[in-house]
1. Here are some conditions: (1) within 14 Å of chain B (Cβ to nearest Cβ); (2) surrounded by fewer than 23 Cβ atoms within 10 Å (Cβ to Cβ); (3) under 16 Å from the mean Cα position of the chain (by Cα). Residue A:149 meets all but one. Which one does it not meet?
2. So, in region A:92-107, how many residues would count as being away from chain B (no Cβ under 13 Å) and touching a residue at least 40 places away in the same chain (Cβ under 8 Å)?
3. For region A:40-50, how many residues meet the condition of being closer than 14 Å to residue A:99 by Cα and either without any contact (Cβ under 8 Å) to a residue 60 or more places away in the chain or over 20 Å from the mean Cα position of the chain (by Cα) (or both)?
4. Given the residues A:10, A:23, A:71, which is the only one that is at pLDDT below 95, more than 25 Å from residue A:140 (Cβ to Cβ) and either over 24 Å from the mean Cα position of the chain (by Cα) or assigned by TED's automatic domain parsing to the domain that holds residue A:160 (or both)?
5. If you check B:217, B:202, which single one turns out to be within 26 Å of residue B:19 (Cβ to Cβ), in contact with a strand residue (DSSP E or B) (Cβ under 6 Å, 6 or more places away or on another chain) and part of a helix (DSSP H, G or I)?
6. Only residues that are closer than 18 Å to residue A:37 by Cβ and either surrounded by fewer than 24 Cβ atoms within 10 Å (Cβ to Cβ) or within 14 Å of chain B (Cβ to nearest Cβ) (or both): list them for region A:116-133, please.
7. How many residues does region B:142-174 hold that are in a strand (DSSP E or B) and farther than 20 Å from residue B:28 by Cβ?
8. Of the residues that make up region B:12-29, is at least one without any contact (Cβ under 8 Å) to a residue 24 or more places away in the chain, within 14 Å of chain A (Cβ to nearest Cβ) and touching a strand residue (DSSP E or B) at 6+ places or on another chain (Cβ under 9 Å)?
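The values are calculated or read from the model by the stated rules, or taken from the named source; none is laboratory data. All values reported here derive from a predicted model rather than from experimental measurement. Heads up, the Cβs are rebuilt from the backbone with ideal geometry, glycines too, and the neighbour counts pull from every protein chain shown.
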C-alpha cells in the first residue's frame, strides 16, 4: 500500500492506494472516530462493496443511502435525499459520511457533507478509476444544475481517501477508459514523462495489469496532490486540471447528463483544446496527432457529437466557472506536458475548432 | 456612521452602522468591484429599497430575485430560484450577490453565494433589527429543512455588512420586538451592563428613538463580532449565541415555519433556558423574573404554545446542531451576563421545564 499526502495545513489528509485495503478494514477503522456513520453509495456499487464497509461499522449507529447509478443523479434532489436520511436518523454534527462509489457519488456526498449542519467530516472511498485518480482528491464537491455541470458546490476536503485498486476488477470497460482520460490529462498538462510512459503502457492498463494500474493511479494522485496543495481554491494553476473540461461539460449538459461519461466528454474536449492550441500556433500537427492517437488507443471518443450545433455549443460553454464577466476562458496546451492558465480565446478560432473539427 | 470590524484574518470585514448610508451609495460602491451584481430581496423590501440599491449598479450587469416574504421561503427551493437566476444571466465566479432584507434573505442569500460555483462574494444589507444585530454578522448561512431549522448551510463570510438604521423606520412593530429578543440575548450571555442599560431603555427602543437604536445595534454587533472573531466555526464560545435557540427552533419547526417569528421563538426559549437554569440552582427566582419581565416589556411572548406537547417538543429538540451522538445539549445561564457552554441536561429537569413552564 502506498500513502500520499495532500498538504493543506490543518486540512491535510492521506490518500491510501493499494489492493484489498477495503477488505482488511484497518485503514477505514483508523479514520472513523464518529459513533454515527452514514454511507452514501449507488445501486451498482452497493451489492459489491457495501457489506465490506458495514463490517467496519459494528457498534456504531450506521445507515446507508443507496441512489440510482448515473450522472443524472448528481443533483440537488439526491443531496436532499441524503439530508432526509441524516435528519431522520438524527445524525449530529460529529457524524461521519462515507462516499462509496465513483465520481458522481463522491462529488455529491462531499457536497452534502459540506452543507449538513454547516459541515460534517467525510471519507472518500472511490471505486472507479476516474474517482481514484481525480475526483476523490482535492476537495471539489458539487451537484449539477440543469443549466450547467458542477454549478452548485463547495471546496470541502475529506478526512482521507481510500483507493482500493481491487475494486477496479468489477469496473466496466467503458468506465475504465473514461478514467484513463483523466490519467492522460496529467501527462498533457504537467508531466510529459508520464505521457510517454502512458504511450508505452496503454494496452497494459486496458488489460488491467495490476502493477501498471497502481502506478498510473499513484502518479496521477501525486500530480493532483501537488497542484491542489499549491492552489486549493483555484486562483491559479489548479484551473489547468480542467483541460478539456469546458468543452466536455458543454457536451455533458447539452446531450443530457449521462449520455456521455464524464471522462469521455473530457477526452473529446482535450482533442478540441489540442486543435485550438494548434490553430494558435502552439502545438504542431504531430503533437495533436499524438494526443488524439493515445486517447483513441484508450478506446475513448475523440470527436464531438454531430448533433451539437456550434452556436448551441458556444452557449453551453458560456456557463463555465473559469469565465470572467461574460468572457469565455479556456485552458490550452503550450506543448505536451504544459498547459496554459485560463485564457480568453479568439471566438473565430474557437468556432473553427467547434465546426470543422466536430464535423469530421 | 460607525464602523466595526469582524477580525478573521484574510476574511475580516467591516460592519457599517448608520442612518441613510444606503441612500448615499458611497459605501456600497466602495465594495462592489464586480461587473455583475445579483440582488436578492423579498416582496416587502423590494418596493422600499431595491431602487436605492439599483442606483449604485449603473454600468454593471445587474438582476434581482424577488422572493415572497417569510421564514417558509428560507428553503432549498428558494436557493434553487437564486441559482436559476444566476445561471440564466450567465453570472460568473467574480459576480457579487447582495442580500437586501431580513434574516431569512440574509441566511438564504449567503448560502446561495457560498454554493454558487463553489463560492462568490456577497454583501449583507440587513433591513430588520434582527438581521442588523445578529444574522447578518458572523457568516452563518443556511436554509431550513422540513425536519429542522438551519440544517443545511455553510460558514461563509460577507465582504461587508451595511446596516442602515433608517430602514428600521418601515419595520413592523412585531419585527422590531423580535429583533430586541436577540439584542437582549447579548446582555444575558456576556454583557450584564448592557442588560441593565436595556432595562432602562427598552421603552425608548420600542419608540424607535434613533440614538437608542443606534447604540443597541452597535453594542450588539460589537458583542457578536468579538465572539465570532474568537470562535468562527463554533467549536466553543460561539455556541453561547444560541441561548434559547434549541427551544426556539423546536417551536419554529413544530408550529410550521413562519407561525412564530424567529425572535419570538427565541424569547420563549430564553425564558425556558432561564427556568431550567433556576432548576439547576444557578439562577435565583429574582433573576428569572428580571429576564422574563424585560422580554415581556419588549412585547415578546414568554410562554411556549400550549399545543406543543412535551414529547413532541423533545423530539424536535433532538435535531439540533449542538447535540453530540444523540445527546441533547443546551446553553444555560450561570447568571445574567454569563452563559454556559453547551451541556448535557438532566432529562427530567428538562421535562419539568417543558411541561410546567409551558402549561401556565
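1. Against the list (1) within 14 Å of chain B (Cβ to nearest Cβ); (2) surrounded by fewer than 23 Cβ atoms within 10 Å (Cβ to Cβ); (3) under 16 Å from the mean Cα position of the chain (by Cα), residue A:149 comes up short only on (2).
2. 9
3. So the answer is 5.
4. A:23
5. B:217
6. A:116, A:117, A:119, A:120, A:121
7. Going through region B:142-174 one residue at a time, the tally reaches 12.
8. As a first pass, look at region B:12-29 and keep what is without any contact (Cβ under 8 Å) to a residue 24 or more places away in the chain: B:12, B:24, B:26.
Going one step further and asking which of them are within 14 Å of chain A (Cβ to nearest Cβ), we end up with none.
No, region B:12-29 contains no residue that is without any contact (Cβ under 8 Å) to a residue 24 or more places away in the chain, within 14 Å of chain A (Cβ to nearest Cβ) and touching a strand residue (DSSP E or B) at 6+ places or on another chain (Cβ under 9 Å).
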